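A short reminder: the numbers here are calculations on the coordinates, not readings from a lab. Here the structure is a predicted model, which is why all the values come from computation and not from measurement. Cβ placement follows ideal geometry from the backbone for every residue including glycine, while neighbour counts extend to all protein chains displayed.
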Amino acid sequence: MAVIAVAGFHHETNTFAPSKATYQDFESGGGWPPLTRGVRAVDVVDGMNIALAGFAAAARAAGHRLVPLIWANATPSAHVTRDSYERICGMLLEEIGRAEKFDALYLDLHGAMVTEHLDDGEGDLLHRVRQAVGSRIPILASLDYHANITRAMTERADALIGYRTYPHIDMAETGRRVAALLDDVLRRGEPPATAFRKLDFLIPLSAQCTLIEPSIRLFERLAGLETESGAVLTFSGGFPAADIEECGPSVYGCGFGPDRVRRVVDLLVHEVADAEREFQAEFLSPDEGVARAIARSRPGGPPVILADTQDNPGAGANGDTVGILEALLRQRAHGAVVGLLIDPASAKQAHDLGAGAEAEFALGAISGLPGHVPCRGRFKVERVGDGNFVGSGPFYGGSKMRLGPMAALRRDGVTVVVASKKVQAADQAMFRCLGIDPARQSILALKSSVHFRADFQPIAAEVLVVAAPGPMPADPATLPWTKLRSGVRLRPNGPAFRRPGAR
Ligand SMILES: [Zn+2]
């Protein structure tokens, strides 16, 4: 039996996005539980598809006692403010300082956090935590599949383990894998050997999906290499919208036997490098996507899905652009449903009017992105709701959603589902809560890049990835990079970045 301190601190930072993550954003928590300090920090995630929940269940089943420190998460956005990072990091260190003596520390991290004052959020966090606990306490962390793993992170943690799925249906399972590795570390009384290699090209989000090639093949290979070596391997796709030096995909391994670990990490990194061309992604313009969806869909479903990837709140966007909505209205796409459009003022207007009423609305375009204007017109309020429901799909299953006032608005046969709090459209319950059965719609336009596939691909006739105007470019090469290391190709087989001033 060991005493294990545990904490979670998550943020995925799109440094090009319109709004920052404030302390209030962590207090509200987005689609996951709000900021929680002390003993309840594990209870709040219990039963959810979250790494900390999986770790806690496995560690307790193995007879260990947990010391919960803190749980903190905010929806992806631009930089974490200096204030919120320092306050939350300070709370974590305070909790460590007043905790009873513990034998190991587990951290549930994302791995792509950038703050106003730190390019490598988790690298700094692990540094401060390491200083607080000393060199002899093992620190193990789980990471998101989109982690931009840095050298500093690998040096300050004893072991890192990343998710293997995108959509991330294995978050709790990843926590269980960390618990198994920690048992091994405690039994042997020594930290594992580690190896780390970065790839030199960025992978667009929509091409990182693990339900398609080349990821299916690469993760099969990863599993094979683990079996043959006994190492625990991580392939991270990286988060291709964080303007930091060490942005991008990487391969990391840990295990007992430094030569074996290094060898399998080298083998896997070569296989990923050889697959570069296969990571190229195809996107349609909003009008192309809508025209193709109308041609291929049938009334009553199954739906053709348009993935509004550039306005994905799961990647730092605000879910308030109207490019696809305008294209659906322009082409009179009867039976199309768009969601979730995050627009608290319009949701309130709909609630004030009540179901059945009709009025002029100015939908979306709240972020003030250059060239974006609201979608104006007369919409009928079909239905309103309080935004309180429980996620039912493989990604958000069990999550207690608190999205604030919601409404379904309709015009020319096109329905817009409006919510007040930002979350990615990755669960059918987000539509069912307003009486809309996603499987029976002809076209569904979802503000998500890939996570929607976990719950929606099984009911879809087809998925089309659309690049409507938004702050999360489908093609990372179109972003105004400044800090990335020179030589990184900005998309698979694309142009290599030259740092300003570099030769
Ligand atoms: Zn992710």
Next item on the list: Compute the length gained on full extension between Ala223 and Glu278: take 0.36 nm times their separation in residues and subtract their Cα-Cα distance, giving the result in nm to one decimal.
Entry: 17.8 nm
Next item on the list: Pull up the DSSP beta bridges for the chain and report the antiparallel fraction as a percent, rounded to 5.
Entry: 40 percent
Item checked: Separation of alpha-carbon centers, the range 300-379 and the range 444-503, rounded to whole Å -> 22 Å
Checklist line | Cα long-axis angle, helix 82-98 against the chain (0 to 90 degrees, to the nearest 10) | finding: 40 degrees
Item checked: Where only alpha carbons of the range 220-373 are counted, the Rg and the Dmax (Å) -> 22.8, 70
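Could you tell me what fraction of 2.2 N^0.38 Å the Cα radius of gyration of the range 165-223 comes to, as a two-decimal ratio?
Compared with the compact-globule rule of thumb, the range 165-223 sits at 1.44.
Could you work out the mean projected area of the convex hull around the alpha carbons of the range 1-149, in square nanometres to one decimal?
Mean projected area for the range 1-149: 8.2 nm², to one decimal.
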Checklist line | Cα pair distances exceeding 19 angstrom across the range 119-175, given as percent | finding: 32 percent
Next item on the list: Just need log10 I(q)/I(0) for the range 298-454 at q = 0.20 Å⁻¹, Debye formula, equal scatterers on the alpha-carbon atoms, no solvent, rounded to two decimals.
Entry: -1.36
Note to self: If I stretch the segment between Ser135 and Ile212 completely, what's the gain in nm (0.36 nm per residue apart, minus their alpha carbon distance), one decimal?
What the structure shows: 23.6 nm
Notebook entry, point to check: Can you give the alpha-carbon Rg of the range 232-299 over 2.2 N^0.38 Å, where N counts its residues?
Noted result: 1.76
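So how do 294-301, 262-269, 174-181 stack up, highest first, on mean other-Cβ count within 10 Å?
Ranked from most to least packed, the peptides come out as 174-181, 262-269, 294-301.
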Next item on the list: With a Förster radius of 51 Å, plug the Cβ-Cβ distance of Glu86 and Arg298 into 1/(1 + (r/R0)^6) and report the FRET value to the nearest 0.05.
Entry: 0.40
Item checked: Ratio of Rg to Rh over the chain (Cα coordinates, Kirkwood Rh, two decimals) -> 0.97
Next item on the list: Return, ordered by residue number, the residues of the range 396-428 whose backbone nitrogen is under 13 Å from a label point located 7 Å along Cα→Cβ of Asp386.
Entry: 401-406
Margin query: How large is the Kirkwood hydrodynamic radius of the range 112-230, counting all unique pairs of alpha carbons, in Å?
Written below: 15.9 Å
Next item on the list: Mind giving me the FRET efficiency for Ala496 and Ser285? R0 is 22 Å, r the Cβ-Cβ distance, nearest 0.05 is fine.
Entry: 0.25
Notebook entry, point to check: Given that compact globular proteins tend to follow 2.2 N^0.38 Å, what is the ratio of the alpha-carbon Rg of the range 330-422 to that value?
Noted result: 1.11
Notebook entry, point to check: Once both axes come from the Cα atoms, what is the angle between helix 286-296 and the longest principal axis of the chain, in degrees from 0 to 90, rounded to 10?
Noted result: 80 degrees
Margin query: At a 10 Å Cβ-Cβ cut-off, how would you order Ser250, Ser135, fewest neighbours first?
Written below: Ser135, Ser250
Item checked: Distance in nm between pseudo-label sites at Arg188 and Thr22 (7 Å out along the Cβ direction from Cα) -> 4.7 nm
Checklist line | Listed peptides 418-429, 403-414 by packing density, highest first (mean Cβ within 10 Å) | finding: 418-429, 403-414
Notebook entry, point to check: Taking the Cα centre of each part, how many Å lie between the range 119-177 and the range 13-30?
Noted result: 21 Å
Next item on the list: Evaluate E = 1/(1 + (r/R0)^6) for Asp200 and His117, where r is the Cβ-Cβ distance and R0 equals 25 Å; express this FRET efficiency to the nearest 0.05.
Entry: 0.35
Checklist line | Mean ellipticity per residue at 222 nm, deg cm²/dmol - from DSSP H runs of n ≥ 4 across the chain, formula -39500 (n - 2.57) | finding: -8500 deg cm²/dmol
Note to self: Report the number of Lys pairs in the chain whose alpha-carbons are under 18 Å apart, with separation of 8 or more residues or on distinct chains.
What the structure shows: 10
Next item on the list: Give me the percent of Cα-Cα pairs in the range 60-132 that sit more than 17 Å apart, rounded to a whole number.
Entry: 47 percent
